[in-house]
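In what follows, a structure is listed as structure tokens, so that the remarks can point back to it.
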Amino acid sequence: MSSSAPPAGRPVFTGLGVLSAFGAGLAPLAAATATAGAGFAEVTRFDVARRGTRRAALLADPPPLADAVLGAVTDACAQSELPSGAPLLLALHSDLRTRGVAEEVSRGAAALGLAGVTRVYTGACVAAATAVADAAAMVGSGRHPRVLVAAGHLVEPGVFAAFDAGRALARDGELRPFSTGRSGTLLGDAAVAVVVEAADAAAGRGVRPLARLAGWGRSGDAHHVCRPRPDGAGVARAARSALARAGVAPSEVGYVNANGTGSPMSDLAEARALREVFGDALAGLPVSSSKSVHGHALEASALLELAVTIGALGSGQLPVNAGWLGPDPEIGLNLVLAGPREDARPRYALSLNSAFGGANTALLVAAA
């Protein structure tokens, strides 16, 4: 069982900056996820006339990616009243522009008083969660009193075309996690930054945490280059690791923000993983995928979903699993299907992510 207060070196979140298809800040994003106000619309940023899917969750007038990330970093630093010198861990999509974007972000971060970008993560859809886990380890070991983690992804023609050609995108233009009739994911814009800080450092500065990172877990099942392991064993292992690190029993978890991409195979494997971890308690455990509202932001997804999860713990309004058509008899989850759904405020929430290649992450977030 967990204790009521984190030890001094345990990581807490003290600042958060968000840019999503709903605009700047956590409030509009949280309002959309709590009411199933999905942000998907016809793509006009580039030509999709020849694509099988033509919808995504996009900002109306996006800044360049480096500027979007720096905007989120600036907001997180301001909320945290962040002292100078913190290192920045950055998650980005890997392509020919990655180095240039990282260098721009590093220069901008240095101008804000940060130490600049010290590490870049390109590990697909678990990149940002991996960075958060590393930041927590850096803080917990005493190497740094605080670390800033940032991630960004803006939907662009090359990635959109690749996902469309691979038939990974929903053909009906709706992201329907865990639902009958689900046919794939939809992409979304995001730039997010979070300050991970040692609990005693935050207390010494008189800063009230937004939430705390109780535990984290990572696993690799290497089952297939893009298909999930059918039994969800890797996801289950990551979730169990997060719970064990925190000393939290499965029965104490009050909400799961699932990876839930809307893929027929991935959603089923994740449901099996949750059944393996939570057993009989799964029947009463609220589950949803906030991707159904804000889209899949690839390398930035885990940080965007962490922001949604932090918001849900603070407000008690659980994100709705949008796009629902009806139950898949093989899934069997207690999905959040009506909003805003205001449950008794959960003490712990689990945010899960999985990536091509069999990589899985779990972040266990505790209410402040």
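The values are calculated or read from the model by the stated rules, or taken from the named source; none is laboratory data. What you see is a predicted model, and the numbers here were worked out from it, not measured in a lab. Ideal geometry is used to build each Cβ from the backbone, glycine not excepted, and the neighbour counts take in all protein chains shown. Accessible surface areas use protein heavy atoms only, side chains included; no ligands, DNA or RNA. Shrake-Rupley method; radii C 1.70, N 1.55, O 1.52, S 1.80 Å.
Annotations for the structure displayed:
- Some residue of the stretch 74-84 being crowded, with 23+ Cβ neighbours inside 10 Å, modelled with pLDDT of 95 or more, touching a Gly at 6+ places or on another chain (Cβ under 7 Å) and under 30 Å from A161 (Cα atoms): no
- The one condition in (1) part of a helix (DSSP H, G or I); (2) surrounded by 16 or more Cβ atoms within 10 Å (Cβ to Cβ) that L89 fails to fulfil: (1)
- Residue ID - least open to solvent (accessible area, probe 1.4 Å), chosen from residues in the stretch 201-217 that are farther than 20 Å from T130 by Cα and small (G, A, S): A202
- Residue list for the stretch 220-242, restricted to those being at pLDDT 95 or above and touching a strand residue (DSSP E or B) at 6+ places or on another chain (Cβ under 6 Å): G234, V235, R237, A238, A239, S241, A242
- Residues of the stretch 312-332 classified as open to solvent by 30 Å² or more (accessible area, probe 1.4 Å), assigned to a loop (DSSP other than H, G, I, E, B) and in contact with a helix residue (DSSP H, G or I) (Cβ under 7 Å, 6 or more places away or on another chain), total: 2
- The residue that is least open to solvent (accessible area, probe 1.4 Å), counting only those in the stretch 235-275 that are more than 29 Å from G184 (Cβ to Cβ) and assigned to a loop (DSSP other than H, G, I, E, B), is V248.
- Just one residue in the set G217, G173, G206 is over 30 Å from P145 (Cα atoms) and at pLDDT 95 or above; that residue is G173.
- Selection of the stretch 146-155 for residues being outside any loop (DSSP other than H, G, I, E, B) and under 16 Å from the mean Cα position of the chain (by Cα) yields L148, V149, A150, A151, G152, H153.
- One residue stands out among those in the stretch 156-200 that are among the hydroxyl-bearing types (S, T, Y) and part of a loop (DSSP other than H, G, I, E, B): the one that is nearest to A128 (Cα to Cα), which is S183.
- Residue list for the stretch 92-106, restricted to those being surrounded by 19 or more Cβ atoms within 10 Å (Cβ to Cβ), outside any helix (DSSP H, G or I) and among the aliphatic types (A, V, I, L, M): L92
- Enumeration of residues in the stretch 165-182 that are surrounded by 20 or more Cβ atoms within 10 Å (Cβ to Cβ) and on the phi < 0 side of the Ramachandran plot: A168, L169, A170, E174, L175, R176, P177, S179, R182
- Hits in the stretch 276-311 - residues which are without any contact (Cβ under 8 Å) to a residue 40 or more places away in the chain and either part of a strand (DSSP E or B) or acidic (D, E) (or both): D280
- Within the stretch 120-144, considering residues that are surrounded by 17 or more Cβ atoms within 10 Å (Cβ to Cβ), within 23 Å of the chain's Cα centre (by Cα) and outside any helix (DSSP H, G or I), the one modelled with the lowest pLDDT: G123
- Residue, nearest to the chain's Cα centre (by Cα), within the stretch 16-39, restricted to residues that are surrounded by fewer than 24 Cβ atoms within 10 Å (Cβ to Cβ) and part of a strand (DSSP E or B): L16
- Residue satisfying all of: in the stretch 51-73; of a type outside the set (S, T, Y) and open to solvent by less than 10 Å² (accessible area, probe 1.4 Å); farthest from V105 (Cα to Cα) among these: A56
- Test result for A68, over 26 Å from T98 (Cβ atoms) and not aromatic (F, W, Y): no
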